[in-house]
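Accompanying notes for the structure given below.
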Amino acid sequence: MAIQKVGVVGCGLMGSGIAQTCAAAGFTTVVREVSPAIVEKGIAGIEKNLARLVEKGTITSAVQSEIRGRLHGTTVLEDLKDCDLIVEAIIEQLPAKRELFSELDRLCPASTIFASNTSSLTITEIATSTKRPQRFVGLHFFNPVPVMKLVEVVRTIATDTDVYEEMVAFGAKLGKTAVRAHDSTGFIVNRLLVPYLLDAIRALEEGVGSIEDIDNSMKLGCGHPMGPLTLLDFVGLDTTYYISQIMFEEFHERRFASPPLLKRMVLAGWNGRKSGRGFYDYSDPKNPKANQL
């Protein structure tokens, strides 16, 4: 079945990015949030992004209008019932995702494909809240979604092969490189990235180097676009802490265990850029300075 209409649940940073990307790729897109204010904020962010692309000459005003015309916001979950594909991008908590998909399962026809944008939870566990595990996949996008060229397409042991191939093709239609991943906690990227980030914190704890020296070593020595501690601030220390807990619970390996320093920083509310303080102080966002820890 060809995908024509896409539903996105969640209009925050990830959800709005997914909605923008789908609309830009030519799909009629309905994005749902729990309140009109959040819908308006998400749509306004998309409009700002599109306006910036027009200013840069990346798209024309006519294309901007076409994309905006394919995008619709709602607070009513029932408005997604005729979508061919629904992508969930809500809070990273299993009970909330299971409750959402259970309700969608009752609303949508059997042909609708369900996908979760989870970065750490297992797709199988989410899919068991529905009667269509064979039509359930993971579509893990990366922030910012309109810019990042990767999407992990995750299949479970129950996913139908034709459905999976349709989702791989869908990723390509969005202009992404769709990598195939099996349903293992963390998939490919976080399975490799999270231990690297946690090791950087351990190196700092153990006095291997300063915040700046650890970051500069990986930037200049390995050609990374940003150092691991800067990346942690960008991703969010609370987000990384939560993901590490899920992965440690799954694998019980030290490399996935949260270092004490990370836990203390999260407890103190030092969650990175979004809180104004993490490994760096963002009082002057254009010139962040390393904190003394």
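Against the definition (in a helix (DSSP H, G or I) and either touching a residue at least 24 places away in the same chain (Cβ under 8 Å) or touching a helix residue (DSSP H, G or I) at 6+ places or on another chain (Cβ under 8 Å) (or both)), how does Met226 come out, yes or no?
No.
Residues Thr230, Thr239: which one is surrounded by 21 or more Cβ atoms within 10 Å (Cβ to Cβ) and within 23 Å of the chain's Cα centre (by Cα)?
Among Thr230, Thr239, only Thr230 is surrounded by 21 or more Cβ atoms within 10 Å (Cβ to Cβ) and within 23 Å of the chain's Cα centre (by Cα).
Looking at the range 130-179 only, could you name the residues that are among the polar types (S, T, N, Q) and within 23 Å of Thr239 (Cβ to Cβ)?
Answer for the range 130-179, where residues must be among the polar types (S, T, N, Q) and within 23 Å of Thr239 (Cβ to Cβ): just Asn143.
Restricting to the range 242-293, and then to whatever is part of a strand (DSSP E or B) and touching a strand residue (DSSP E or B) at 6+ places or on another chain (Cβ under 7 Å), can you tell me which residue is surrounded by the most Cβ atoms within 10 Å (Cβ to Cβ)?
My answer is Tyr280.
Please indicate, with yes or no, whether at least one residue in the range 46-67 is without any contact (Cβ under 8 Å) to a residue 60 or more places away in the chain, at positive phi and assigned by TED's automatic domain parsing to the domain that holds Asn143.
yes
What residue, among those in the range 156-193 that are aromatic (Phe, Trp, Tyr) and within 21 Å of Ala25 (Cα to Cα), is surrounded by the most Cβ atoms within 10 Å (Cβ to Cβ)?
Going residue by residue through the range 156-193, those that are aromatic (Phe, Trp, Tyr) are 164, 170, 187.
Subset that is within 21 Å of Ala25 (Cα to Cα): 164, 170.
Values: Tyr164: 19, Phe170: 26.
Filtering the range 156-193 for residues that are aromatic (Phe, Trp, Tyr) and within 21 Å of Ala25 (Cα to Cα), the one surrounded by the most Cβ atoms within 10 Å (Cβ to Cβ) comes out as Phe170.
What are the pairs with Cβ atoms under 9 angstrom where one residue, in the range 10-28, is free of Cβ contacts under 8 Å to residues at least 60 places away in the same chain and the other, located anywhere, is of a type in the set (S, T, N, Q) and crowded, with 24+ Cβ neighbours inside 10 Å? Sequence gap at least six, or different chains.
Listed by first residue and then by second, the contacts come to Ala19/Thr29; Ala23/Thr29.
With touching a residue at least 12 places away in the same chain (Cβ under 8 Å) and surrounded by 23 or more Cβ atoms within 10 Å (Cβ to Cβ) as the only criterion, which of Ser129, Ser116 stands out?
Answer to the check: Ser116.
Pick from the range 132-155 the residues that are closer than 22 Å to Gln245 by Cα and out of contact with any Gly (no Cβ under 6 Å at 6 or more places or on another chain): which of them is surrounded by the most Cβ atoms within 10 Å (Cβ to Cβ)?
So, considering only residues that are closer than 22 Å to Gln245 by Cα and out of contact with any Gly (no Cβ under 6 Å at 6 or more places or on another chain), the one surrounded by the most Cβ atoms within 10 Å (Cβ to Cβ) is Gly138.
The values are calculated or read from the model by the stated rules, or taken from the named source; none is laboratory data. What you see is a predicted model, and the numbers here were worked out from it, not measured in a lab. So basically every Cβ, Gly included, is an ideal-geometry build from the backbone, and we count neighbours across all protein chains shown.
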